[in-house]
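**Q** One structure, as structure tokens, below. Some questions next.
The values are calculated or read from the model by the stated rules, or taken from the named source; none is laboratory data. For clarity, every value in this text was computed on a predicted model and none was experimentally measured. Cβ placement follows ideal geometry from the backbone for every residue including glycine, while neighbour counts extend to all protein chains displayed. Protein only, heavy atoms only, side chains kept; ligands, DNA and RNA dropped before computing areas. Shrake-Rupley method; radii C 1.70, N 1.55, O 1.52, S 1.80 Å.
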Amino acid sequence: MTVALAQHRVEAAHVKANVDRAVAAIERAADEGADLVCLPELFNVGYFAFDAYARNAEGLDGETLDRIGATAADHGVAVQAGSIVEDLEASAEAGFSTPEPEGLANASVFLDRDGEIQAVYRKQHLFGYDSAEANLLTPGESLPTVEFEGFTVGMTTCYDLRFPELYRDLAGEGVSLVLVPSAWPYPRVEHWRTLPRSRAIENLAYVAAVNGAGEMGDDRLVGRSTVYDPWGTPIATCDDDPELVTAELSPARVEAVREEFPALRDRRL
């Protein structure tokens with residue numbers, strides 16, 4: 001399977017321009033043979049645009065995901081739609097299960113090749129350090145998985161990387177590929193290099209960590225979207241400029257590594 005990480009520029013509160021960039025990245029990745037395209041965290045509104053969260057929140061049947069789903073279907077490619085600020089009340093009215101009847105959530109959505117929603121992950125660990133996220137959003141409660149091209153795929157989001165127990169739970173569900181949309185800023189470059197790599201090593205799984213690019217006010221994203229193999233080896237990466245990062249993944253590779261180095265079977269806790 002070919003996965004493409006769309007590290008595109010994300011401008012604070014410029015929703016149309018950001019979605020345009022995401023659509024262009026999906027189209028380019030599909031044309032280059034990708035099976036799955038992954039977008040950054042809050043790719044439409046911008047993570048640091050806290051004042052714009054409420055007015056740009058959408059239900060899962062809203063305009064942003066409609067457009068991403070239509071692009072996926074037109075090009076026959078699956079998309080992990082990074083994340084959006086979800087209007088939980090609108091999603092509930094559209095028939096989706098939500099952690100609360102109203103409020104906002106940071107929702108990551110997996111759409112299949114027909115543009116249909118197959119899984120929704122709502123960020124569980126909300127960033128409180130010098131950030132308004134924890135005050136504005138409702139944390140998620142579930143860890144959905146989806147089967148795609150021989151992989152059991154799980155999703156987490158950005159700050160979740162600092163909580164390894166979440167990834168151990170995914171490993172217990174048989175997850176072989178974890179997708180991690182993020183909005184990781186400077187100066188924490190070494191954390192961004194270390195944490196997804198550690199999660200891959202610990203769980204003997206592929207980890208695809210996709211970041212945004214560009215500046216939002218005083219904050220600048222570190223980019224460096226990277227795919228790590230089940231040994232924790234980076235097999236595709238980039239710098240902090242907009243880029244499409246592609247990698248070939250194999251379910252058999254995960255099985256072989258777990259057979260050769262059966263650390264998951266040796267766990268006692």
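**Q** Run the numbers on the chain and let me know its relative contact order in percent, using alpha-carbon pairs under 8 Å that are six or more apart.
**A** 19 percent
**Q** Shifting gears a bit: Pairs of alpha-carbon atoms within less than 8 angstrom and 6+ residues apart define the contacts here; what relative contact order does segment 206-269 have, in percent?
**A** Computed over segment 206-269, the figure is 25 percent.
**Q** When the accessible area of the chain is computed with all protein chains present and a 1.4 Å probe, what percentage of it is carbon and sulfur?
**A** Roughly 45 percent of what the probe reaches on the chain is carbon or sulfur.
**Q** I've got another one for you. Taking the chain as the reference, fit the longest principal axis to its C-alpha atoms, fit the long axis of helix 189-203 to the helix C-alpha atoms, and give the angle between the two in degrees, 0 to 90, nearest 10.
**A** Between the helix axis and the principal axis of the chain, the angle is about 50 degrees.
**Q** Using a Gaussian network model of the chain with C-alpha springs under 10 Å, which one of Gly232, Gly33, Gly217 is most mobile by mean-square fluctuation?
**A** Gly217
**Q** Here's another thing I want to ask about it. So if each residue of separation counts as 0.36 nm, and I subtract the Cα-Cα distance between Glu27 and Asp239, what length gain in nm does that give?
**A** The span from Glu27 to Asp239 would gain 74.1 nm if fully extended.
**Q** Sticking with this one: Mind putting a number on the dipole of the chain about its Cα centre? Charges go on the C-beta only, +1 for Lys and Arg and -1 for Asp and Glu, and I need it in Debye to the nearest 20.
**A** Taking the Cα centre of the chain as origin, the dipole is about 880 debye.
**Q** To the nearest 20 debye, what is the magnitude of the charge dipole of segment 26-172 about its Cα centre, counting +1 on the Cβ of each Lys and Arg and -1 on the Cβ of each Asp and Glu?
**A** Charge dipole of segment 26-172: 420 debye, to the nearest 20.
**Q** Just for the Cα atoms in segment 84-149, what are the lengths along the principal axes, largest first, rounded to whole Å?
**A** 39, 27, 17
**Q** Sticking with this structure for a sec: For the pair Glu63/Glu202, report the inter-label distance in nm, with labels modelled 7 Å from Cα in the Cβ direction.
**A** Between Glu63 and Glu202, the label points sit 4.0 nm apart.
**Q** From the helices alone, meaning DSSP H stretches of at least four residues, give me the mean residue ellipticity at 222 nm for the chain, per-run term -39500 (n - 2.57), in deg cm²/dmol to the nearest 500.
**A** Mean residue ellipticity, 222 nm, calculated: -8500 deg cm²/dmol.
**Q** Okay, moving on. Nearest 5 percent is fine: what portion of the DSSP beta bridges confined to the chain is antiparallel?
**A** Close to 65 percent.
**Q** What ranking of Ile68, Ile235 comes out by heavy-atom accessible area, probe 1.4 Å, highest first?
**A** Ile235, Ile68
**Q** OK, next. On a 0 to 90° scale, report how tilted helix 251-260 is relative to the longest principal axis of the chain, with both axes built from alpha carbons and the result rounded to the nearest 10.
**A** So the inclination is approximately 40 degrees.
**Q** Can I ask one more? Once you place label points 7 Å from the Cα toward the Cβ at Glu248 and Val189, how far apart are they in nm?
**A** Between Glu248 and Val189, the simple spin-label model gives 3.1 nm.
**Q** Expressed as an acute angle from 0 to 90° and rounded to the nearest 10, what is the orientation of the C-alpha long axis of helix 63-75 relative to the principal long axis of the chain?
**A** The angle comes out at about 50 degrees.
**Q** Can I ask one more? Might you tell me the accessible area per residue for segment 20-103, computed with a 1.4 Å probe and given in Å²?
**A** With the other protein chains kept in place, segment 20-103 gives 38 Å² per residue.
**Q** In nm, to one decimal, how far is the modelled label at Glu100 from the one at Glu260, with both set 7 Å along Cα→Cβ?
**A** 4.7 nm
**Q** Please work out how much length the chain gains when fully extended from Ala70 to Ala134, using 0.36 nm per residue of separation minus the C-alpha to C-alpha distance, in nm with one decimal.
**A** Stretched fully, the Ala70-Ala134 segment lengthens by 19.9 nm.
**Q** Relative contact order, percent, of segment 107-229 when contacts are C-alpha pairs under 8 Å separated by at least 6 residues?
**A** RCO, segment 107-229: 18 percent.
**Q** Which of Val180, Val23, Val227 ends up with the largest GNM mean-square fluctuation for the chain, with Cα atoms connected below 10 Å?
**A** Highest fluctuation of the listed residues: Val23.
**Q** At 37 °C and 0.692 mPa s, grab the translational diffusion coefficient of segment 1-152 from Stokes-Einstein with a Kirkwood Rh over Cα pairs, rounded to a whole number in µm² per second.
**A** Rounded to a whole number, D works out at 213 µm²/s.
**Q** Once you've got the GNM for the chain with C-alpha springs shorter than 10 Å, pick whichever of Leu36, Leu166, Leu88 has the biggest mean-square fluctuation.
**A** Checking each option, the largest mean-square fluctuation is seen for Leu166.
**Q** Still on this structure: Among Gly172, Leu136, Ala107, whose Cα lies farthest out toward the positive end of the dipole of the chain, if unit charges sit on the beta carbon of Lys, Arg (+1) and Asp, Glu (-1)?
**A** Gly172
**Q** What dipole magnitude, in Debye to the nearest 20, does segment 1-69 give about its Cα centre under +1 on Lys/Arg Cβ and -1 on Asp/Glu Cβ?
**A** 200 debye
**Q** Measure of size requested: the Rg and Dmax of the chain, with Cα atoms as the atom set and Å as the unit; please supply both.
**A** 16.9, 51
**Q** With a 1.4 Å probe and all protein chains in place, put Leu170, Leu264 in order of accessible area, largest first.
**A** Highest to lowest solvent-accessible surface, that is Leu264, Leu170.
**Q** Report the net charge of residues surrounding Ala213, where surrounding means a beta-carbon distance below 10 angstrom and charges are Lys +1, Arg +1, Asp -1, Glu -1.
**A** Charge balance in the 10 Å sphere: -1.
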